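Participant: The structure under discussion is supplied below as structure tokens; questions concerning it will follow.
Values quoted throughout were computed directly from the atomic coordinates according to the rules given, and no laboratory measurement underlies them. Keep in mind the model is a prediction, meaning the values are calculated, not measured. FYI the Cβ positions are ideal-geometry reconstructions off the backbone, even for glycines, and counts take in every protein chain you see.
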Amino acid sequence: MLNLSTTYANLKLKTPIIVGSAGITGSIELLQRAEECGAGAVVTKSLFQKEISRKSPTPRFKIVKHTNTFTFYTYEQASELNPQEYAEFIFNAKQKLSIPVIASINCYTDDAWIEYSKLMEEAGADAIELNLSCPHGVHIMSGMNIIEEMVHTTKIVKNNVKIPVIPKMTPQSANPGSDALRLEQAGADGLVMFNRFTGLDIDIEKEIPILHGGYAGHGGPWAIMYGLRWISAVSPKLKCSISASGGVMNGEDAIKYILSGASAVQIVTTVFFKWL
Ligand SMILES: Cc1cc2nc3c(=O)[nH]c(=O)nc-3n(C[C@H](O)[C@H](O)[C@H](O)COP(=O)(O)O)c2cc1C
């Protein structure tokens, strides 16, 4: 049988396909389905420190067609769980799954980053993904200097847990290549390149923005070119491994990312499309 195993962020994966963080990884049943379908690892739907983010506004999903392409335009709330419940979720996931479970968290104070990371480590998470790159999260929306905040956060989390620490990068940066090098220096064991973009579309009949005007994240098949460009540029300079994320719609896209230097490839939109 073909050997598809890979090493990503010091984790051994049976296959390089990771089902990435979103509602599709928000329950044990869905995580089990990812494993049954051949995922090498899963990243759980993000836990947010900001409690309002745990509540759901609607509508949340729209496929926006534009000439020959489309964008999957979404606003999805964070995990509804509080930190203790989320730690139980991670613990239960570890009982039921045999693949690595990566916990994704989004905090905005140092104390919470440390507390939440330790909780997830104690619950059995195999690694922690740091999600400061949510297109409608507190970090992007407040206009803070994301790369400085990511470097700082990577250092403090790395100093407080033993499991691998994986910052998830934003594509909204002047130079993701130098960002990646800085995050590695800060202690990152792996990098996710990238989260989604911020976007806006306008209904020209009603003359209003559609779907949460400017809050929704957008992504789609077009996003792959951006990821390929930066991963191919920076992977030869990095010791830590990269998980590509953005625009993978089929196996051929995943192969492109691996050829560009990624050790693993995350999928989300294509999994949603099986549902919608
Ligand atoms: C509906 C939806 C919800 C998402 N929620 C999260 C999240 O909670 N945390 C996170 O780090 N990324 C989240 N993402 C981003 C994905 O994990 C992924 O990085 C992004 O969608 C690009 O990959 P794709 O083109 O395969 O969808 C979400 C994406 C979508 C579409």
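Participant: Pick from Ser232, Ser104, Ser142 the residue whose mean-square fluctuation is largest in a GNM of the chain, springs joining Cα atoms under 10 Å.
Facilitator: Of Ser232, Ser104, Ser142, the most mobile in the Gaussian network model is Ser142.
Participant: Once Lys and Arg get +1 and Asp and Glu get -1 on their Cβ, which of Tyr86, Ile63, Pro221 lies farthest toward the positive end of the dipole of the chain?
Facilitator: Looking along the dipole axis, the top candidate is Pro221.
Participant: Once each part is reduced to its C-alpha centroid, what is the distance from the stretch 118-191 to the stretch 227-276 in angstrom?
Facilitator: Centre-to-centre distance over Cα atoms comes out at 18 Å.
Participant: Still on this structure, I have one more. Have a look at Pro176, Pro57, Pro135 and tell me which one the Gaussian network model of the chain (Cα, springs below 10 Å) gives the largest fluctuation.
Facilitator: Pro57
Participant: Per the Kirkwood formula on distinct C-alpha pairs, the Rh of the chain is how many angstrom?
Facilitator: Kirkwood hydrodynamic radius for the chain: 18.6 Å.
Participant: How big is D for the stretch 36-132, in µm² s⁻¹ as a whole number, if Stokes-Einstein is applied with the Kirkwood radius of its Cα pairs at 25 °C and 0.890 mPa s?
Facilitator: Approximately 166 µm²/s, per Stokes-Einstein.
Participant: Continuing with this model, one more query. Rounded to the nearest 500, what is the 222 nm mean residue ellipticity of the chain from helices alone, with -39500 (n - 2.57) per DSSP H run of 4+ residues and division by all residues?
Facilitator: That comes out to -10000 deg cm²/dmol.
Participant: Exposure proxy check: Phe194, Phe70 ranked by fewest other beta carbons within 10 Å?
Facilitator: Phe70, Phe194
Participant: Order these peptides, 25-32, 152-159, by their mean beta-carbon neighbour count within 10 angstrom, highest first.
Facilitator: Ranked from most to least packed, the peptides come out as 152-159, 25-32.
Participant: Tell me which trypsin sites (Lys or Arg not before Pro) from the stretch 20-76 have a DSSP coil assignment and no more than 14 other beta carbons within 10 Å of their own.
Facilitator: Loop-located and lightly packed - Lys50, Lys55.
Participant: Which of Lys206/Lys274; Lys12/Lys162; Lys45/Lys96; Lys55/Lys162; Lys55/Lys96 have a Cα-Cα distance over 21 Å?
Facilitator: As for pairs spanning more than 21 Å Cα to Cα, those are Lys206/Lys274; Lys55/Lys162; Lys55/Lys96.
Participant: Running a GNM on the chain with Cα contacts under 10 Å, which residue among Asp189, Asp110, Asp253 ends up with the highest mean-square fluctuation?
Facilitator: Among Asp189, Asp110, Asp253, the largest GNM mean-square fluctuation belongs to Asp110.
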